[in-house]
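Here, each number is a calculation from the coordinates, and none is a lab measurement. Since we're looking at a predicted model, the values are computed, not measured. All Cβ positions, even for glycine, are placed from backbone atoms using ideal geometry, and neighbour counts span all protein chains on display.
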Amino acid sequence: MTEEVSEKEIQRVISQVKHPAVDHTLVDLGIVKEISVKEGRVTIIMAFPSPNIPIKDYLVNSVREPIEGLGAEVEIKPTVMGPGELERFLAMEQEGWKGGM
């Protein structure tokens, strides 16, 4: 059964998800690009630096699981960052790199 959750609640949960190798959240890095909630279904657009990053599934699941934990149905729509988004991401990655994964 799908429960009604607010966009604010989804944003609160997602804003806590950190990148495993960069000391920033996925929201701050621009990976979580858009959140929408309609009729109990949550749609997240996730923008990745390239189409085939090795930890893509890990990042998708790190967003999907906390939302499903709220009882919501989740759809993740992947896309690739544009040039400006990528530049910002790479600068933040370099500044916050902690290694791992």
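Annotated for the chain: lysine pairs at least 8 residues apart or interchain, Cα distance under 24 Å, count 14.
For the residues K77, K38, K18, a GNM of the chain with alpha-carbon springs under 10 Å puts the largest fluctuation on K38. In the chain, the alpha-carbon atoms span a convex hull of 89 Å³ per residue. Placing +1 on the Cβ of every Lys and Arg and -1 on the Cβ of every Asp and Glu, with nothing else charged, gives the chain a dipole about its Cα centre of roughly 160 debye.
The distance between label points at Q11 and N52 comes to 3.7 nm (points 7 Å beyond Cα on the Cα→Cβ vector).
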